[in-house]
Amino acid sequence: MNVQHIRINDRNPEHRELSIYRTGKVNRIRLQDSTYTTYHSLEINAHDYAAFFHYGIAEALNKLPFISESSNGLDSWDEAFLHNSCLELMNSIIDESTAAINPENKEIILLGWQDQPLQVAYLREIDPVKFIAFIATLKQFVEESKAQGFDLEFIL
């Protein structure tokens, strides 16, 4: 079996066109608004998106009562909302989930594969230092959102 391995390169436009190349966004909203308004956003690049799922952050956050159309909570390819009253607990869960990340241990993860027309495994290198920096930014975004009375919308 000849499996081709492709390591995702964010600078390669062909890689950014792949369906497994996922990014996301966290928006500040107010669930009680009569019209949908985004007050501020935090982009999640493809590296941090992959790391968010690889390190189990999304799964751990599903202890919270997310509102989603699919009822899957916080999940890939979905949109989920979290009320302001849960934001402090959100940051606590993030702290618990990221405590075990070893900043010196870069990892290569499998993002996806295909069998036809060729067998291909799509890989991504995860830089834990870069991801930990994103987590610090996310936590600050959550803290500011809580203080300002905003709810969050996750578009993953």
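Per residue of the stretch 114-131, in order, report the coupling 6.51 cos²θ - 1.76 cosθ + 1.60 (Karplus, θ = phi - 60°) as ³J(HN,Hα) in whole Hz, putting x for Gly and Pro.
Computed from phi, the couplings for the stretch 114-131 are 9, 9, 10, x, 10, 7, 9, 10, 9, 10, 9, 7, 9, 9, x, 5, 4, 5 Hz.
For residue 119 and residue 41, FRET efficiency with R0 = 30 Å and r from the beta-carbon atoms, rounded to 0.05?
Rounded to the nearest 0.05, the efficiency is 0.20.
Order of 54, 5 from fewest to most other C-beta atoms within 10 Å?
5, 54
In what order do 145, 71, 34, 41 fall by count of nearby beta-carbon atoms within 10 Å, going from fewest to most?
Ordered by Cβ neighbours within 10 Å, fewest first: 34, 71, 41, 145.
Return the sequence-ordered ³J(HN,Hα) values of the stretch 49-59 in whole Hz as given by the Karplus equation 6.51 cos²θ - 1.76 cosθ + 1.60 applied to θ = phi - 60°, using x for Gly and Pro.
4, 4, 5, 4, 7, 4, 7, x, 5, 4, 4
Using the 2.2 N^0.38 Å rule of thumb for compact globular proteins, work out how the stretch 100-155 stacks up: its C-alpha Rg over that value, please.
Computed over Cα atoms of the stretch 100-155, the ratio equals 1.68.
Give me the log10 of I(q) over I(0) for the stretch 22-156 at q = 0.13, 0.15, 0.19, 0.21 Å⁻¹, as the Debye formula computes it from C-alpha points; what are the numbers?
Listed by q, the Debye log ratios stand at -0.57, -0.74, -1.11, -1.31.
Over the stretch 4-155, what is the relative contact order in percent, taking alpha-carbon pairs closer than 8 angstrom and at least six residues apart?
Relative contact order, the stretch 4-155: 33 percent.
Enter the mean projected area of the convex hull around the alpha-carbon atoms of the stretch 9-100, in nm², rounded to one decimal.
Mean orientational projected area (the stretch 9-100, Cα hull): 7.2 nm².
Could you pull out which residues in the stretch 24-68 have an amide N less than 13 Å from a spot 7 Å beyond the Cα of residue 85, following the Cα-Cβ vector?
65-66
With Cβ to Cβ distances under 15 Å as the rule, what net charge do the other residues near residue 59 carry (K, R +1; D, E -1)?
So the environment of residue 59 carries a net charge of -2.
Rule-based calculations on the coordinates, nothing more; no lab input. Quick caveat, the model's predicted, so the values are computed rather than measured. A quick note on method: Cβ atoms are made from the backbone with ideal geometry, for glycine too, and the neighbour counts reach across all protein chains shown.
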